[in-house]
1. Of all helices (runs of 4 or more DSSP H) completely enclosed by segment 178-293, which ones contain at least 3 residues that are over 20 Å from the mean Cα position of the chain (by Cα)?
2. Looking at the structure I just gave you, is TYR298 more than 23 Å from THR197 (Cβ to Cβ), open to solvent by less than 10 Å² (accessible area, probe 1.4 Å), within 16 Å of ligand 2 (Cβ to nearest atom) and aromatic (Phe, Trp, Tyr)?
3. Can you pull out every residue in segment 1-39 that is more than 30 Å from ALA321 (Cα to Cα) and in a helix (DSSP H, G or I)?
4. With in a helix (DSSP H, G or I) and modelled with pLDDT of 95 or more as the only criterion, which of ALA134, ALA121 stands out?
5. Under 6 Å between Cβ atoms, which residue pairs at least 6 apart in sequence (or on different chains) link something in segment 309-334 that is within 16 Å of ligand 2 (Cβ to nearest atom) with a partner that is aromatic (Phe, Trp, Tyr) and at pLDDT 95 or above?
6. Mind checking which residues of segment 146-202 are among the β-branched types (Val, Ile, Thr) and within 16 Å of ligand 1 (Cβ to nearest atom)?
7. Can you work out which of the residues in segment 222-236 that are crowded, with 21+ Cβ neighbours inside 10 Å and not hydrophobic (A, V, I, L, M, F, W, C) is farthest from ligand 2 (Cβ to nearest atom)?
8. For segment 68-86, indicate whether the set of residues that are assigned to a helix (DSSP H, G or I) and within 24 Å of ARG354 (Cα to Cα) is non-empty.
Amino acid sequence: MQVVYTPAHLGHDITVETYMGMPVPANEVAERAELIRAALEADGGFPFVAPSEHGEAPITAVHDEGLVRFLEVAWSELRAQRIDRPFLSADTYPNRAMFEGMSEAAVAGLVREPIQAGGRAGFWGLDSAAPLVAGTYPAARAAVDVALTTADLVLAGATAAYGLCRPPGHHAARSMYGGYCFFNNAAIAAEAIVRATGERVAILDVDYHHGNGSQQIFWRRGDVRYVSIHADPDHDYPYFLGRADETGEGDGAGENHNLPLASGTGNAVYLEAVDRALETIAGAPGSIVVVSLGFDTYGLDPIGSFALTTDAYHEIGRRTASLGRRLVILQEGGYHRPSLGENARAWLRGAEGRPFEPLPAGGFGANGTVAG
Ligand code: Q9C
Ligand code: ZN
């Protein structure tokens, strides 16, 4: 299986995120993608290709142009405004209760993008977990190109291809970034595939978190079926979306499928949910599935509460491929660095119908370089 990768993600070199008002070591770090790259290189069965540039049009096909412009200039604006911060994070978010009692027309007339960078970040952002630095915008643009190049490989006939996207994407909505995500790589790829083929497309989201952005983007769409297995939002990010009764509206009625699972979910319960998700996908026509692939469902993940093992990823890859549809597999989350490379290798080998044997210990180093 071909792997699409670019070092451009290294520019999004964040080290700190904020969690409930406190600075904490960042989870979504550059080393993640380098560890996956090293493991897939060490495997030897994954040829690497660089992404090609696809321009802005496929991005504005799913995102508000204002979000693109904000992300493009946010860092230079922060510097121009002499706000002395190592990264940009919002100061104030427009909580909907701020406008309680005002008519929709009044609110529409009042709420506009501020000028100050911390207000502007609040206007476009969901949370304080997606710090923006000098290299964030080029990295996010490159991650979109990775996703679109992965889709191109499948549109050209590949059974499956893997895009090592970083930063991830599934929390980014049409007019919002957040949750470590800036552009919604999977949604942009799904939209491009619909436009190229005229077929229906399914998104299978197996990141630990609900992909609120993907759900929002396709909420009223009858041609993109979104199916997600994730932590119950009563207990986990993104808290305000991801429940089973969110099923879509209009043309999209019945096309959104959320399968929330309890804390502590292990392999057996998770694999049952995978089977239900795959049956749901098989229930609508189409020949291509976009997979939002996260490994934050792993037992040792620092921000997840599930208990999956590496062997389960091999089995999930195998079952997903046995749908008989072509797969555009795009990396989302997964934060337990020592296991990331092996978990990716296991999933992708499963999708290829190849067995999985762990690499010899020390086969690749924690710094992301292949040993000897
Ligand atoms: N204690 C993805 O996996 N909240 N995003 C983190 C940590 C934000 C996850 C809280 C989680 C975002 C792509
Ligand atoms: Zn996640």
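The values are calculated or read from the model by the stated rules, or taken from the named source; none is laboratory data. Nothing here was measured: the structure is a model prediction, and the numbers come from that model. We place every Cβ from the backbone using ideal geometry, glycine too, and count neighbours over all the protein chains shown. With ligands, DNA and RNA removed, areas are computed over all heavy atoms of the protein, side chains included. Shrake-Rupley method; radii C 1.70, N 1.55, O 1.52, S 1.80 Å.
1. Numbers: elements: 185-197, 212-218, 267-282.
Filter on segment 178-293 gives 185-197, 267-282.
2. Working: more than 23 Å from THR197 (Cβ to Cβ): yes; open to solvent by less than 10 Å² (accessible area, probe 1.4 Å): no; within 16 Å of ligand 2 (Cβ to nearest atom): yes; aromatic (Phe, Trp, Tyr): yes.
Judged against the criteria, TYR298 is not a match.
3. Result: LEU10, GLY11.
4. On the way: ALA134 fails: in a helix (DSSP H, G or I).
None of the others qualify; the one that does is ALA121.
5. Cβ pairs passing all conditions: TYR313/TRP347; ILE329/TYR162; GLY334/PHE295.
6. VAL146, ILE188
7. ARG225
8. Checked segment 68-86: no residue is assigned to a helix (DSSP H, G or I) and within 24 Å of ARG354 (Cα to Cα).
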